[in-house]
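Readers should treat all values here as calculations from the given coordinates under stated rules, not as data from a laboratory. Since this is a predicted model, take the numbers as computed values, not measurements. Cβ sites come from the backbone with ideal geometry, for glycine too, and all protein chains shown count toward neighbours.
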Amino acid sequence: MLSMACKDVGYQCGFTAEAESEPELMKKVMEHAKKDHGMKDSDFTPEMVAKVKSVVKKV
Ligand SMILES: [Zn+2]
């Protein structure tokens, strides 16, 4: 299982995403970021995706 905490990317946010695979996790993170942080697909630059992936933990 993979887990990623929104606060680890720098948001004041208690959201944590969990998924079995990285693509599935990224999908959940992006859905959350769009819904709760007003982000758009265009905000997910390669740098942002790399930042998210860098804080993913194996749980
Ligand atoms: Zn968040």
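Brief remarks follow.
- Where Cα atoms sit under 20 Å apart: lysine pairs in the chain separated by 8 or more or lying on different chains: 26
- Three-way shape call for the stretch 2-58 based on the alpha-carbon gyration tensor, with the a/c threshold at 1.5: rounded
- For the pair S21 and V55, label points projected 7 Å from Cα toward Cβ lie 2.5 nm apart.
- Only Cα pairs under 8 Å and 6+ residues apart enter the sum, and on that basis the relative contact order of the chain stands at 43 percent.
- Dividing the summed helix terms, -39500 (n - 2.57) for each DSSP H run of n ≥ 4, by the number of residues in the chain produces a 222 nm estimate of -13500 deg cm²/dmol to the nearest 500.
- Ranked for footprinting exposure by Cβ neighbours inside 10 Å, fewest first, K57, K28 give K57, K28.
- Inter-label distance for Q12 and M48, nm, one decimal - labels placed 7 Å from Cα along Cα-to-Cβ: 2.0
- Charge dipole (debye, nearest 20) of the stretch 2-58; +1 at Cβ of Lys and Arg, -1 at Cβ of Asp and Glu: 100
- Charge dipole of the stretch 2-58 about the Cα centre (unit charges at C-beta), most positive-ward option of M39, L2, G14: G14
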